[in-house]
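First the structure, in the form of structure tokens, and then the observations on it.
Only the coordinates and a few stated rules stand behind these numbers; no lab work does. Quick caveat, the model's predicted, so the values are computed rather than measured. So basically every Cβ, Gly included, is an ideal-geometry build from the backbone, and we count neighbours across all protein chains shown.
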């Protein structure tokens, strides 16, 4: 008998060691997932304790969750799944062990007045044992085994379940530490990627001092890539809406739409909403947003979640960055912060480019003024060289190839210099035309600072018809004034339809100094154009260029 007892104890000890080693192998083989360990514990606890069934539970601080089992028949398995999750209490061995943080061993649950887990009682199970899984004396779960017959578990079997409970704690802690390490590693990698991207954007800003487009393209592309967005759009604020100036990964149909249309101000667009509120706006599902009116973003781009971030300069929105996903998945706070930083960089780039461009244009204008003054000083008795150089400089500064300088005698406008115009059309302009009948000159006579006609074909006028026949569409008329008196105008036009921007409104203003000529001197040059024979009646020596803030895009 003694030999048989020793052999049995040796066999049981070996089985327990084998089970413990198996669970440790499972723990080491599943550093990120505790479920395989729970499954192994449920199986080994059931087998080595001589129980008919075993279960493992997790406690999240409020509720107990049923997470693994072994040997449960289908009806009891379903009953357990219906009974959990539940809070700790006296109603079962598991809930009682977690509540008391002690081992709970009931020889016959049918005789325990507090045991009310009817699924166990009604299916004929009697003896139950629950061992809490404690981490720093705090319950994080429990291991429970049951028998159909009334047969209490031995102390050795209870101790075995305590060992399994300790291994469960090891598994839970290992997974937690491993996941925390992975999370910190991901955060560091993400931070490094964000810092690298920010550095790359700053490099592009430093290299593109006068060309803003590469900066904006880099910003939207990098923001979309790092934030896992399917598209990105950057728009500038204009008087009537928001003009898209940079895009990333938009469909050809949606790209064509947003390039041809202003995004509306107000709450009808994400750009408008972000600019209106002066803060980040995120819409989880664009299709479900009743205020959104740019339905093409849904029909042409299939946009789901959308994020809008304003570009703020001194508290005023000068533009917006909008990111979209073709799925419903909100952007994280970290991604939003990244887009905020890109919005700040966009404002810096826009302001730098604006200041540098204004400085360059100012230098170009000063150089042009010096050249005009040089011509004035070298041609004291001849206006034609002055007219020619004024027109040439006005057009070269604006990058416009065609136009004229025309004088006003109180009734008629007549060209005295042309640049890039067909000869027959130039002759027509030199012959003159009544100012009061011309659609553009009427407004200049009325005191307007400029007249900008996008499509001259809208007007029935002989000069406009002739210009249209020669391919001109958009024309800008800038007046020449002396003490508010209209002396003439500079006319500029590109070929085809094209909006002329703020820079094209740079005008040459003529202000009297020692004397002036208003184009009515009475003498004419050999070419039939007005000239001044007397040095005392020279054209104003105070010529200067100034930018008219016309509200058009630069």
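Given points 7 Å out from each Cα along the Cα-Cβ axis, report the residue 225 to residue 267 separation in nanometres with one decimal.
A separation of 3.7 nm, rounded to one decimal place.
With the calculation restricted to Cα positions, what are the radius of gyration and Dmax of region 79-178 in angstrom?
Considering region 79-178 through its Cα atoms, Rg and Dmax are 13.8, 45 Å.
Sort 179-186, 70-77 by packing, meaning the average of other beta carbons within 10 Å per residue, with the highest value first.
Descending mean neighbour count gives 70-77, 179-186.
Mind ranking 228-237, 332-341 by how tightly packed they are, going by the mean number of other C-beta atoms within 10 angstrom, highest first?
Packing order, densest peptide first, comes out as 228-237, 332-341.
I'd like the per residue volume of the convex hull spanned by the Cα atoms of region 350-412, given in cubic angstrom.
115
Looking at region 258-376, what % of the alpha carbon pairs are farther apart than 24 Å?
41
Run the numbers for residue 90 and residue 299: contour at 0.36 nm per residue of separation, minus the present Cα-Cα distance, in nm.
69.5 nm
So, by mean Cβ neighbours within 10 angstrom, what's the order for 299-309, 387-397, 152-162 with the highest one leading?
Output ranking for 299-309, 387-397, 152-162: 299-309, 387-397, 152-162.
At residue 454 and residue 149, where each label point lies 7 Å from the Cα along Cα→Cβ, what is the point-to-point distance in nanometres?
That separation, rounded to one decimal, is 9.5 nm.
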